[in-house]
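No lab work stands behind these numbers, since they all come straight from the coordinates. Since the structure is predicted, the reported quantities are computational estimates derived from the model, not experimental observations.
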Amino acid sequence: MAAYIISEERLKEIADTIRSKTGGTEKLSPAGMVAAIHSIVAQRDIDALIERTTTVIESTTATKIGANAFYNYTTLTDVILQSVRVIGNDAFNWCTSLSSVELPSLSILGARVFNNCSALTTLDLRNSRLTAIPANSFAGSGLTTIWLPSSVFCAAVKNSFAGCPLAPDGAGGTIYLPAAYRTAYEANTGWAEVIGSANNRVISY
């Protein structure tokens, strides 16, 4: 049987869909939701309840993206979130078509947020206030170019870039880091091997 990871946002979508299809108005618990889903559709049709065809997510007012919010949203290509400061764990994990991300207000990034985003090759964080890149944030992504914050040091952990071109054993890419923090980046355990990789080019700005 397939496993389904359902965020609170998607659970609400499913609830609304069930109500529209059945005419019901009862508020359902998560357990009741699962029972209701299985009562009206076969397992193989659960995903078909929610059509996910949007390719662009854009907002100037949202300030937070919850955990798993767009997990496995494979049609998503562009994210433009001008005011988002916090992104929860796995929010864009397995968004395999995601290629463009704009997050100028980002301050807190969860774990595995861009894990397996194989189409994401460039990320510009120059205007962000991000101070840490957690475990597996970009593991398995296509990142070949990253611009790090210009006004604050952004620490990383050893496996933040595991399995992507910027990893110490990856194909390589370009890392742009602020000259004022270059010493701090080079001294950080998580960045040391990435910056020191012979395959990566490091440019101060």
* Structure fact -> Cα-based Debye curve of region 111-205 sampled at q = 0.12, 0.16, 0.24 Å⁻¹ gives log₁₀ I(q)/I(0) of -0.29, -0.54, -1.37
* Asked: Once phi is turned into ³J(HN,Hα) by the Karplus curve 6.51 cos²θ - 1.76 cosθ + 1.60 with θ = phi - 60°, what whole-Hz value does each residue of region 159-176 show in order, with x for glycine and proline?
  -> 10, 4, 10, 3, x, 10, x, 7, 4, x, 9, x, 5, x, x, 10, 10, 9
* Check Val101: other-chain or 5+ apart residues with amide H under 5 Å from its amide H, H built from backbone geometry? -> Val79
* Whole-Hz Karplus ³J(HN,Hα) for region 111-123, in order, using 6.51 cos²θ - 1.76 cosθ + 1.60 and θ = phi - 60°, x for Gly and Pro? -> 6, 6, 4, 10, 4, 6, 7, 5, 8, 7, 10, 9, 9
* Structure fact -> Residues whose built amide H sits under 5 Å from the amide H of Val202, excluding neighbours closer than 5 in sequence, are Ile175
* By the gyration tensor of its Cα atoms, with a ≥ b ≥ c the square roots of the eigenvalues, what is the shape of region 83-128: rounded for a/c under 1.5, prolate for a/b over b/c, or oblate? -> oblate
